[in-house]
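*Asks:* Attaching a single structure in structure tokens format; questions to follow.
Here, each number is a calculation from the coordinates, and none is a lab measurement. Computed from a prediction, not measured in an experiment: that's the story for all the values here. For neighbour counting, all protein chains shown are included, and Cβ atoms are generated from backbone atoms with ideal geometry for every residue, glycine included.
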2 protein chains.
Amino acid sequence: MSVKMSSSTSRIVQKYGGSSVATPELILKVANRIIETSKIGIEVVAVVSAMGSTTNKLISLAKRICGRPPDRELDMLVSTGEQASCALLAMAIQSLGGKAVSFTGSQVGIITDAAHTKARILKVEGHGILEALEKGFIVIVAGFQGMTDAFEITTLGRGGSDITAVALAAALNADVCEKLTDEDGVHTADPRKIPEARRLDALSYEEMLELSSLGAKVLHPRAVECAMNHGVKLHVRSSFHNEEGTWIKEEEAYMEQSPVCGLTYDVSEAKVSVLELPDKPGVAAKIFSALAAAQINVDVIVLNNTRGTITDLSFTLPKNDLDKALPILRELSGKEGYGAVTANTNIAKVSIVGAGMRSHPGVAARMFEALARSEVNSNLISTSEIKVSCVISDKDLDRALPSIYKEFDLDSVPEKRRISKSMEAKMPS
Amino acid sequence: MSVKMSSSTSRIVQKYGGSSVATPELILKVANRIIETSKIGIEVVAVVSAMGSTTNKLISLAKRICGRPPDRELDMLVSTGEQASCALLAMAIQSLGGKAVSFTGSQVGIITDAAHTKARILKVEGHGILEALEKGFIVIVAGFQGMTDAFEITTLGRGGSDITAVALAAALNADVCEKLTDEDGVHTADPRKIPEARRLDALSYEEMLELSSLGAKVLHPRAVECAMNHGVKLHVRSSFHNEEGTWIKEEEAYMEQSPVCGLTYDVSEAKVSVLELPDKPGVAAKIFSALAAAQINVDVIVLNNTRGTITDLSFTLPKNDLDKALPILRELSGKEGYGAVTANTNIAKVSIVGAGMRSHPGVAARMFEALARSEVNSNLISTSEIKVSCVISDKDLDRALPSIYKEFDLDSVPEKRRISKSMEAKMPS
């Protein structure tokens, strides 16, 4: 395999997910790809996830011992998965004649806060990486993990290995951070739901951030945010072949031709309502502070006052956090004299994203029309400058998606956005 | 379960092997035992091996990628086994209501040299352990692993977790280092070979060191040596029940009543001969230096000069090291003009050990007589102050063992050496 790479690229961070390193045979394939890249004179730092379903297996082992494993010990346990896969990848590279060395997150000084199982990276010290690169080594780093100032092992939560890769790319001044995946890029919609969905050649950070936040699994929003903050160019491409995938980078003029670049959805959230709140300042803040203190992120929020001084508050949050959120909300409600707290897990959030929305009024209206045409009702709606999200019943999802896809003619997006060989080439204005 | 413990014990290091933590259920059992010990006011530091066959599984995974995995990466890989088991044990203790925290070897500052896969502990910094004990935590430490000054993860080789436990006991000034195992102590011979073999109540460090070096699996000689050097009292006892096992400590007068305390054997070695050496000074040194440089330990050595100025050199070394040793020896032999290098893997080493040998002449002669009676031939013999080893053909092993056992009346040893309730009690002189 000869790997296509822009000629100006001299240092690259590649991220390989768990499915790319699920077996010894796949690890050898990845090793081969890395060696090919290294042979054309590019310094490679590869970040790997745990093999296949290792993380889930470790978690279920923990659950056989402890219904609710303590987060600190869970991090100790789960971080072994990436440590093992990065050692194996370094071995594979050596067995194919390359020079490689593996490091844990702790060893390279990925310093995080102490929020075990969902730690945030504070800084990347990068111990040993530059020295190893200078000596001609390919450097393999265990994704998903770091350590606190007090040498406690932490993990970064969902999308953690993506975040490791982007943070390393920023710290090492890499020319690009490649995410190698079993998809060949970012699509206008989920190809499993919309077969005609097409790969996008390029997206702005803002667009990718919205798509990721709204359910596109291919990149975690925290990774996109980190890339945006540090100007790290992302390239999402297939680990199976050699074609270019989707570039994510600063917004450029050419990107504005289409108001909507992608359609996405998310079924991982639940809708929660706190009823009969006094309609006065500070009530919502009290509720969201209590949830934030428990590290629960809240999304689409609607405060719905239909009865004068009494109001209902609805919002979405991850289904996984529901067991933690409901007792907190019910205790608060009891203490403050609010009404019932209800939850609905049968929801889906459908979103359209596009930087062009800013200059194309009426996008939200077209989305509601598309929903109405397919007889789908939406009870929570949230908009930003570059996205519109609607919360619908999950049973309506398969009806809603094609209708919206068609409304925005997403089939033709890739043509409009096609870019030439490399990001370094000039774009048509 | 109520754990019997001497009333003066206030801090203990316990070591649990892989078979004691092979399943979540067994881990919970171990957790329970630790909690019981902790409840009677004893500070517990527990050192654990990897679960069951984890280490072997990891090594065979590595071998599917790389015929001969590089040692540094092998350490990265294999050390995950103990990290996982110590996290799981800490979880188990917490799930049963105890307070526990787990640490890797790196985290507690078990500093080793850089001889990957067989590193030696240089010092134990013990970061965080005393602080955690003071706060009432049970401390779980991953066995078998450490790190170099350069933050490289190392493993300690065979018996590594035993060594970790003894080194921690020394560093923490523990009253005793307990090895919990599926046997109930140290026996006069291998019970699988000699059904009437009996548990010994006490042994001196020197005796245990010889027994371990000569094949007794229950404690690794490096662990015994470390205990001897630091005066750490060892207690080998069953993890399944609560009875006392075998104490290993300073030699005392009572121990001298029997010339031989144990019979042991080892089938893990091969016999190597370098033929036709010039019989002049420095030749053997050259050969053994070359092997030592490759970290290969040589045991029973016989220089057999039957032909004037030409001599043959035979010795034993671990079968595992044979693939590494033979090319080294053959290269040296070719360069120096020595003769052929031969190897025989079908050997067994049978040994008797006892501090009393020093004051009982004729022990070696009795051993040879016992071998002769069972028509077993020995071609390499090695003696020390407190042991006699004979290398025999492995097919003769099952004939040789009962004959020697009977010759030294090992059946009656435990009675002679029986000691009362606790090591702290006065011994009969």
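*Asks:* Which whole-number percentage describes the relative contact order of chain B, with Cα contacts under 8 Å and a sequence gap of 6 or more?
*Replies:* Working: 945 pairs, mean separation 58.3, N = 429.
The value is 14 percent.
*Asks:* How large is the dipole of the range B:185-318 about the Cα centre if only Lys and Arg carry +1 and Asp and Glu carry -1, each at its Cβ, rounded to the nearest 20 debye?
*Replies:* On the way: 13 positive and 19 negative charges, 93 e Å.
With only Lys, Arg, Asp and Glu charged at Cβ, the dipole is about 440 debye.
*Asks:* Continuing with the same structure: Classify the range A:11-251 as rounded, prolate or oblate from the Cα gyration tensor: take a ≥ b ≥ c as the square roots of its eigenvalues, call it rounded if a/c is under 1.5, otherwise prolate when a/b beats b/c and oblate if not. The partial results should precede the final answer.
*Replies:* Details: a/c = 1.34, a/b = 1.11, b/c = 1.21.
Verdict is rounded for the range A:11-251.
*Asks:* Let me ask something else. For the pair A:Thr309 and A:Ser289, how long in nm is the line joining their label points, each one 7 Å along Cα→Cβ?
*Replies:* In this crude label model, A:Thr309 to A:Ser289 measures out at 2.3 nm.
*Asks:* Helix A:54-65 versus the longest principal axis of chain A: what angle, 0 to 90°, nearest 10, using Cα atoms?
*Replies:* Long axis of A:54-65 versus the principal axis of chain A: about 60 degrees.
*Asks:* If each of B:Ala364 and A:Asp182 carries a label point 7 Å out from its Cα toward its Cβ, how far apart are those two points in nm?
*Replies:* 6.7
*Asks:* Picking from B:Ser412, B:His230, B:Asn32, whose Cα lies most toward the positive end of the charge dipole for chain B (charges on Cβ: Lys, Arg +1; Asp, Glu -1)?
*Replies:* The residue sitting farthest along the positive end of the dipole is B:Asn32.
*Asks:* Compute the signed sum of charges (Lys and Arg +1, Asp and Glu -1) over the other residues within less than 10 Å, Cβ to Cβ, of B:Met208.
*Replies:* Details: positive: B:Lys249; negative: B:Glu206, B:Glu207, B:Glu210, B:Glu225.
My count for the surroundings of B:Met208 gives -3.
*Asks:* Any idea what the dipole of chain A comes to, in debye rounded to 20, about its Cα centre with Lys/Arg Cβ at +1 and Asp/Glu Cβ at -1? Numbers along the way, then the final one.
*Replies:* Numbers: 48 positive and 53 negative charges, 107 e Å.
In total the dipole reaches around 520 debye.
*Asks:* Counting only DSSP beta bridges with both residues in the range B:11-182, tell me the antiparallel percent, nearest 5. Before the final figure, lay out each step's value.
*Replies:* Working: 6 of 26 bridges.
Approximately 25 percent, going by the DSSP bridge assignments.
*Asks:* Let me ask something else about it. For every helix of n ≥ 4 consecutive DSSP H residues, a contribution of -39,500 (n - 2.57) applies; sum these over the protein assembly as shown, divide by its total residues, and give [θ] at 222 nm rounded to the nearest 500 deg cm²/dmol.
*Replies:* Details: 24 runs with 286 residues, N = 858.
After summing the helix terms and dividing by the residues of the protein assembly as shown, the value is -10500 deg cm²/dmol.
*Asks:* Related question: What is the distance, in nm, between label points placed 7 Å from the Cα along the Cα-to-Cβ direction at A:Glu385 and at B:Arg192?
*Replies:* 7.2
*Asks:* DSSP loop (so not H, G, I, E, B), at most 16 other Cβ within 10 Å: list which GluC sites (Glu not before Pro) in the range A:313-382 pass both filters.
*Replies:* Working: sites: A:Glu331, A:Glu336, A:Glu369, A:Glu375; in loops: A:Glu375.
Those that pass, being in a loop and sparsely packed, are A:Glu375.
*Asks:* Loop-only trypsin sites (Lys or Arg not before Pro) in the range A:108-141, please: DSSP not H, G, I, E or B, and at most 13 other Cβ atoms within 10 Å.
*Replies:* On the way: sites: A:Lys118, A:Arg120, A:Lys123, A:Lys135; in loops: A:Lys118, A:Arg120, A:Lys135.
When the trypsin sites (Lys or Arg not before Pro) of the range A:108-141 are filtered for loop state and at most 13 Cβ neighbours within 10 Å, A:Lys135 remain.
*Asks:* Could you size up the charge dipole of the range B:11-182 around its Cα centre, putting +1 on the beta carbon of Lys and Arg and -1 on that of Asp and Glu, and report it in debye to the nearest 20?
*Replies:* 420
*Asks:* Principal axis lengths of the range B:254-419 from Cα atoms, whole Å, largest first?
*Replies:* Extents along the principal axes: 57, 32, 30 Å.
*Asks:* Could you work out how far the C-alpha centroid of the range B:195-274 sits from that of the range A:14-36, in angstrom?
*Replies:* Result: 47 Å between the Cα centres.
*Asks:* Still on this structure: Work out the charge dipole of chain A with +1 on the Cβ of Lys and Arg and -1 on the Cβ of Asp and Glu about the Cα centre, then indicate which of A:Gly245, A:Ala87, A:Cys261 is farthest towards its positive end.
*Replies:* Positive-end residue among those listed: A:Ala87.
*Asks:* Once R0 is set to 51 Å, what does the formula 1/(1 + (r/R0)^6) return for the Cβ-Cβ distance between A:Glu131 and B:Thr23, expressed as a FRET efficiency to the nearest 0.05? Walk me through the intermediate numbers first.
*Replies:* Details: r = 43 Å, r/R0 = 0.83.
In this case the efficiency is close to 0.75.
*Asks:* Looking at the protein assembly as shown, what % of its DSSP beta bridges pair antiparallel, to the nearest 5?
*Replies:* 60
*Asks:* Can you give me the angle between helix B:24-39 and the longest principal axis of chain B, using Cα atoms only, in degrees from 0 to 90, rounded to the nearest 10?
*Replies:* So the helix axis and the longest Cα principal axis differ by about 70 degrees.
*Asks:* Which of the three applies to chain B, rounded, prolate or oblate, going by the alpha-carbon gyration tensor with a ≥ b ≥ c and a/c under 1.5 meaning rounded?
*Replies:* On the way: a/c = 2.16, a/b = 1.32, b/c = 1.64.
Taking the square roots of the gyration eigenvalues as a ≥ b ≥ c, chain B is oblate.
*Asks:* If you line up the long axis of helix A:397-407 against the longest principal axis of chain A, both from Cα atoms, how many degrees apart are they, to the nearest 10?
*Replies:* For A:397-407 against chain A, the angle is about 80 degrees.
*Asks:* For B:Lys217, place a label point 7 Å out from Cα along the Cα→Cβ vector, do the same in each other copy, and report the separations in nm, one decimal, smallest first.
*Replies:* The answer, with the shortest distance listed first, is 4.4 nm.
*Asks:* Return the ratio Rg/(2.2 N^0.38 Å) for the protein assembly as shown, where Rg is computed over Cα atoms only.
*Replies:* Values: Rg = 33.4 Å, N = 858, 2.2 N^0.38 = 28.7 Å.
The value comes to 1.16.
*Asks:* In percent, how large is the relative contact order of the range B:285-378, given Cα pairs closer than 8 Å and 6 or more residues apart?
*Replies:* Numbers: 56 pairs, mean separation 16.9, N = 94.
Contact order relative to length: 18 percent.
*Asks:* Looking only at Cα atoms, what is the convex hull volume of the range A:68-185 per residue, in Å³?
*Replies:* On the way: hull volume 13.7 nm³, N = 118.
So the per-residue Cα hull volume is 116 Å³.
*Asks:* Relative contact order for the range A:11-251: what is it in percent, counting Cα pairs under 8 Å that are at least 6 residues apart? Spell out each step's value before the answer.
*Replies:* Details: 548 pairs, mean separation 47.7, N = 241.
The normalised contact order for the range A:11-251 reaches 20 percent.
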